[in-house]
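Undergrad: Please read through the structure below; I'll follow up with questions.
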Amino acid sequence: MELPKIYDVHESEKKWQIYWKNEKIYSFDKEDMETEVYSIDTPPPTVSGKMHLGHSFSYSQQDFIARYKRMKGFNVFYPFGTDDNGLPTKLLVEKEKKVRAIDMPRKDFIRLCLKTLKEELRPSYVADWKRIGMSCDFEMFYTTINDHCQKISQKSFLDLYAIGRQYRKLAPAMYCPKCATAISQVECEDKELASHFNDIVFKVDGEELIIATTRPELLPACVGVFYHPDDKRYQHLKGKKAMVPVFDYEVPIMEDHRADPEKGTGIVMCCTFGDATDMEWQKAHSLPIKEAIDINGRMTELAQDFKGMKIEAARKGIIEAMKEKGLLKGQKPITHAVNVHERCGTPIEFIHSKQWFVKYLDLKEDMLRWGAELKWYPEHMKNRYDNWVNGLQWDWCISRQLPYGIPFPCWYCKDCDEVIVAKEKDLPVDPLEDKPPASKCPKCGCKEFIGEKDIINTWATSSLSPQIGAALIPERYDDLYPATLRPQAHDIISFWLFNTLVKSQLHNGFNPWKETTISGWALDPHGKKMSKSKGNVIAPQEMIEKYSADALRYWAAGSKLGEDMPFQEKDLVTGKKTTTKLWNASKFALMHLEDFKYDKHELEIMDKWLLTKLQKLIRSATESFDVYEYSKVKADVDNFFWNTFCDHYLEVVKDRLYNTEKYHEGARESAQFGLYEGLLNTLKMFAPVMPFITEEIYHLYFAEKEGKKSIHISSWPEYDENYVFTEAENAGDHAVDIIAAVRKFKSENQMSLKTELKELVIECDESTRKLIELVLSDIMATTGAQDIVFGDGDIAVNEKVKIRAEK
């Protein structure tokens, strides 16, 4: 057998990507009705230009599981999709093409988005996932903007509308002025921002009333002033009216338990709408609604002289106006948590507008029960889900004021605003292009209709990913949905996991998967979140080029599920060293396996020792992988390979392999059996983590022996108690301890490891002596001892053994 001298990592990785695709190694077998299905609800990554390190981290971790399950004999359904509709894609295309959607006809911008995605963005983006060795069935592919997904998303809308869970309402909605669209609670995050508490003067019967606010620009939308009923400072003001500074109109002063006496001056203005409490007050006290900020983030005519200004400019202008009139008593700099849009970091506003909502706030108890029915890995991640559910305040706003995305399948009567929905048989539809199914309004008889121009929020579509994936193979739909597993990162439990679970329950009455695995974040070397603004982003593409995809995956396997892990390049260095060691150890082993015939052999003690260690590893690795503890598997296999197999076993069997004439018949064959089992099973247990190097070595020898096209569809090692030899393991443990002690002695005495020893003296009790006598020939050959005797030792080897080495 002529083996390549070196392992060309980049050529090999390209070669196996092509091979796996051509041979359909990872294809789901839809004709196989007997094998148990393992269905994965693969996260569709948002097309954002290129894969980032966090992607390679979490997607590698889910791929370890998919590869393991495939080797365990499951018929693995592992589709791949991309999330490429809605706001993220709009912003990306605008950036890449240097255009603004607002400056283009809607149809032209949509056409530009679809063309750019298909020809430029999506192919290279998906290639990044293939490059890290993802074992998805890429023939089972979808994009969240294609007709397949549009039909499923629009049908979801129709179904929820039919059961009263989808409604349209004129109400305050969270709104991002920068992105010019409504957003939902899940798309907000708290951000610490610098601001000021401004002590401003309202007038009550000519007397000054000081109110502290961070939002003076909302003064033209002030509709009331509130204090706590128990706050004696303000009880005398009940029923009176306060004059709003600068804008000179009166508002009522009222009491309400939601006013905080400890915050600011203890009395607060209510504006429509500054925050959720303002909404509650407006509704509870039947206050008017005044809109000071429009959907473009500019001041309305209510702002009088400040009309048309952006929010920040209006804030400064109103503060200056109050200073001039002596209505600003002081300013105190503060840093406080502000609700911002997670996509762009812009503080959100509440805009009174018509939006579509999914009704689910009445189901919070059910949501907690649904979460409890799901198997969580790690278990504590369920707390994040529970906290999110308990903190829900709003129904789910799913309409977005964007030109690109999946349209709502509905029209409105021009006269009475009655909703006309599409027929399921006509889906997908575009109400701005297609006609409604009715010729006249069923409510008022009007024959003119207005198509809905808003689009469905992308999360409302990606939350249907289990159904979208399963629908790719309609004849196996019920086998694929509900899925077995949802793998994802912890930061989108509230975004994606929650909404997917809720939609599945609303539509079908059951959870969308049986289990979920939650990965952590990849952080920078200092434990900080990576971001372009911080300049601490590490590109996985560069790491693959510098090391390899296997080395990157090796790093990702170092973290337990749910744990954030700082990026340390030294871990990739170790991964690269491991692939090199695998290659070199395999070359040695395969050189001695050319004439090996797999058969029953009378085994030598040290071969039994190796096989016992191997069986224990197989059992623990299987148990760990079954509960998705891949990091433990990686660490244990790593330790076995480097220490048990390479450092000890290979050194011990070299003499038997090279100097056959010194040993009895069958001794070499026993060593070959140990090499074969040790190397093959090590490769298989490394395969989910490092798929390229293991495939390369497997095809040098084992593929033909096992009759398999790939190590990744070969069988995972099975524990076999027939290869567990307790006595041999104990004897072998003493042997490797003694050999290690002799190596240390030689090193400390500046002796070559090949230098022979005149005599090796071993001190131990009688029972230990009997064990050591079983492996004397191996100790002698490996240490280069000319003679071994039992006597007094002076170097402690372990609790039961001492040695003395004579030069």
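Undergrad: For the stretch 639-676 and the stretch 720-785, compute the distance between their C-alpha centroids and round to whole Å.
TA: Going from one Cα centre to the other spans 14 Å.
Undergrad: Also, I was wondering about something else. Show log10 I(q)/I(0) for the stretch 572-666 at q = 0.12, 0.20, 0.23 Å⁻¹, two decimals, from a solvent-free Debye sum over equal Cα scatterers.
TA: Treating every Cα as an identical point scatterer, log10 I(q)/I(0) equals -0.48, -1.15, -1.33.
Undergrad: Please give, to one decimal in nm, the separation of the simple spin-label points placed at Glu718 and Met243, each 7 Å out from Cα toward the Cβ.
TA: About 9.2 nm, to one decimal.
Undergrad: Summarise the accessible area of the chain (1.4 Å probe, protein heavy atoms) by the percent that is carbon and sulfur.
TA: Accessible surface attributable to carbon and sulfur in the chain totals 48 percent.
Undergrad: Using 0.36 nm times the number of residues separating Lys528 and His236, minus their current alpha carbon distance, what extension gain do you get?
TA: Answer, rounded to one decimal: 99.9 nm.
Undergrad: Additional query: Let's see if you can work this out: charge +1 on each Lys and Arg Cβ, -1 on each Asp and Glu Cβ, no other charges. What is the dipole magnitude of the stretch 27-183 about its Cα centre, in debye to the nearest 20?
TA: That gives the stretch 27-183 a dipole magnitude of about 860 debye.
Undergrad: Aspartates and glutamates within cross-link reach of Lys24: Cα-Cα under 12 Å, excluding same-chain residues under 8 positions apart?
TA: Asp137, Glu139
Undergrad: List the GluC sites (Glu not before Pro) in the stretch 237-298 that DSSP assigns to loop (not H, G, I, E or B) and whose Cβ has at most 15 other Cβ atoms within 10 Å. Which are they?
TA: Here the sparse-neighbourhood loop sites are Glu262.
Undergrad: So how do 654-665, 616-627 stack up, highest first, on mean other-Cβ count within 10 Å?
TA: Numbers: 654-665: 13.8, 616-627: 17.5.
Result, highest mean Cβ count within 10 Å first: 616-627, 654-665.
Undergrad: Going out from 0 in 20 Å bins, what whole percent of all Cα-Cα distances in the chain drops into each bin?
TA: 13, 36, 28, 15, 7, 1
Undergrad: Using a cut-off of under 17 Å, list every residue of the stretch 1-18 whose amide N is near the label point 7 Å from the Cα of Met591 along the Cα-to-beta-carbon line.
TA: Of the residues in the stretch 1-18, 1-7 have backbone N under 17 Å from the label point off Met591.
Undergrad: Separation between the Tyr477 and Ile538 pseudo-spin-labels, each 7 Å from Cα along Cα→Cβ, expressed in nm?
TA: Going from the Tyr477 label point to the Ile538 one covers 4.5 nm.
Undergrad: May I pose another question? How high is the FRET efficiency between Glu766 and Lys654 when r is their beta carbon distance and R₀ equals 45 Å, given to the nearest 0.05?
TA: E(calc), rounded to 0.05, equals 0.90.
Undergrad: From the cross-link list Lys95/Lys425; Lys130/Lys546; Lys608/Lys662, which pairs have alpha carbons spaced over 27 Å apart?
TA: Lys95/Lys425
Undergrad: Still on this structure, I have one more. For the cross-link pairs Lys587/Lys654; Lys178/Lys534; Lys382/Lys560; Lys50/Lys118, which exceed 18 Å when the distance is taken from alpha carbon to alpha carbon?
TA: Numbers: Lys587/Lys654 14 Å; Lys178/Lys534 22 Å; Lys382/Lys560 16 Å; Lys50/Lys118 15 Å.
From the list (Lys587/Lys654; Lys178/Lys534; Lys382/Lys560; Lys50/Lys118), the Cα-Cα distance tops 18 Å for Lys178/Lys534.
Undergrad: Might you tell me the accessible area per residue for the stretch 65-165, computed with a 1.4 Å probe and given in Å²?
TA: Averaged over the residues of the stretch 65-165, the accessible area is 41 Å².
Undergrad: What accessible area per residue comes out for the stretch 279-380, rounded to a whole number of Å², with a 1.4 Å probe?
TA: Details: 5610 Å² over 102 residues.
Dividing the accessible area of the stretch 279-380 by its residue count gives 55 Å².
Undergrad: Additional query: Could you give the Stokes-Einstein D for the stretch 692-807 in µm² per second, using the C-alpha Kirkwood radius, 4 °C, 1.567 mPa s?
TA: For these conditions, the coefficient is 78 µm²/s.
Undergrad: Could you provide, to the nearest whole Å², the per residue accessible area of the stretch 621-681 with probe 1.4 Å?
TA: 37
Undergrad: I would also like to ask the following. Please give every one of the aspartates and glutamates within straight-line cross-link reach of Lys329, meaning a C-alpha to C-alpha distance under 13 Å, and leave out same-chain neighbours fewer than 8 residues apart.
TA: Within the straight-line limit of under 13 Å, Lys329 reaches these aspartates and glutamates: Asp199, Glu208, Glu320.
Undergrad: When ranked by the protection proxy of mean other Cβ atoms within 10 Å per residue, highest first, what sequence do the peptides 100-109, 337-346, 542-551 form?
TA: Put in order of decreasing packing, that is 542-551, 337-346, 100-109.
Undergrad: With a/c under 1.5 counting as rounded, go ahead and sort the stretch 755-807 into rounded, prolate or oblate using the C-alpha gyration tensor (a ≥ b ≥ c being the square roots of the eigenvalues; past the cut-off, prolate if a/b is larger than b/c, else oblate).
TA: Oblate, since a/c reaches 1.5 and b/c is not below a/b.
Undergrad: When the dipole is taken about the Cα centre of the stretch 379-490, and only Lys, Arg (+1) and Asp, Glu (-1) are charged at their Cβ, what size is it in debye, to the nearest 20?
TA: 80
Undergrad: If you take every residue apart from His664 with its C-beta less than 13 Å away from the C-beta of His664, what net charge results, scoring Lys and Arg +1 and Asp and Glu -1? Don't skip to the answer; put the middle values down first.
TA: Working: positive: Arg656, Lys662, Arg668; negative: Glu602, Glu604, Glu661, Glu665, Glu669.
Cβ neighbours under 13 Å give a net charge of -2.
Undergrad: List the lysines whose Cα sits under 21 Å from the Cα of Lys414, skipping any in the same chain fewer than 8 residues away.
TA: Partners found: Lys169, Lys354, Lys423, Lys435, Lys440, Lys443, Lys447, Lys453.
Undergrad: Could you work out [θ]222 nm for the chain from helices alone, using -39500 (n - 2.57) per DSSP H run of at least four and dividing by all its residues? Round to the nearest 500 deg cm²/dmol.
TA: Mean residue ellipticity, 222 nm, calculated: -11500 deg cm²/dmol.
Undergrad: A further question follows. If you count only protein heavy atoms and use a 1.4 Å probe, how large is the accessible surface of Arg233, to the nearest 10 Å²?
TA: The value for Arg233 is about 120 Å².
Undergrad: Roughly how many Å is it from the Cα centre of the stretch 403-438 to that of the stretch 448-496, as a whole number?
TA: For the stretch 403-438 versus the stretch 448-496, the Cα centre distance is 21 Å.
Undergrad: Heavy atoms only, probe 1.4 angstrom, no DNA, RNA or ligands counted: give me Asp478, Asp787 ranked by accessible area, highest first.
TA: From most exposed to least exposed: Asp478, Asp787.
Undergrad: Quick check: with the 1.4 Å probe, what order do Thr300, Thr694 take by accessible area, largest first?
TA: Thr300, Thr694
Undergrad: Continuing with this model, one more query. Just to make sure I understand: if all protein chains stay in place, what is the order of Ile788, Ile110 by accessible area at 1.4 Å, largest first?
TA: Ranked list, largest accessible area first: Ile110, Ile788.
Undergrad: Additional query: Taking 0.36 nm per intervening residue step and subtracting the Cα-Cα distance, what contour gain separates Asn296 from Ala162 on full extension?
TA: The span from Asn296 to Ala162 would gain 44.9 nm if fully extended.
Undergrad: When the C-alpha atoms of the stretch 442-541 are aligned to their principal axes, what extent does each axis show, in angstrom, from largest down?
TA: 66, 38, 24
Undergrad: Which one, Phe641, Ala212, Ala589, is farthest towards the positive end of the dipole of the chain when Lys and Arg carry +1 and Asp and Glu -1 on their Cβ?
TA: Highest projection toward the positive end goes to Ala212.
Undergrad: The stretch 123-174 to the stretch 74-121: how many Å between their Cα centroids?
TA: 13
Undergrad: With +1 on each Lys and Arg Cβ and -1 on each Asp and Glu Cβ, how big is the dipole of the stretch 637-794 about its Cα centre, in debye rounded to the nearest 20?
TA: 660
Undergrad: Report the extension gain between Glu661 and Ala194 in nm, rounded to one decimal, defined as 0.36 nm multiplied by the number of residues separating them, less their alpha carbon distance.
TA: So the extension gain works out to 159.9 nm.
Undergrad: Of the peptides 39-47, 438-446, how do they stack up when ordered by the mean number of other Cβ atoms within 10 Å, highest first?
TA: So the peptides 39-47, 438-446, ranked by packing, come out 39-47, 438-446.
Undergrad: Something else: Evaluate the distance, in nm, between pseudo-label points positioned 7 Å from the Cα of Asp647 and of Glu704 along their respective Cα→Cβ axes.
TA: 3.5
Undergrad: Need one number: % antiparallel among DSSP beta bridges in the chain, to the nearest 5.
TA: Here the antiparallel bridges make up roughly 70 percent for the chain.
The values are calculated or read from the model by the stated rules, or taken from the named source; none is laboratory data. What you are looking at is a predicted structure, and each value in this text was computed from that prediction instead of being measured. Methodologically, a virtual Cβ is constructed for each residue, glycine included, from the backbone with ideal geometry; neighbour enumeration extends over all protein chains shown. With ligands, DNA and RNA removed, areas are computed over all heavy atoms of the protein, side chains included. Shrake-Rupley method; radii C 1.70, N 1.55, O 1.52, S 1.80 Å.
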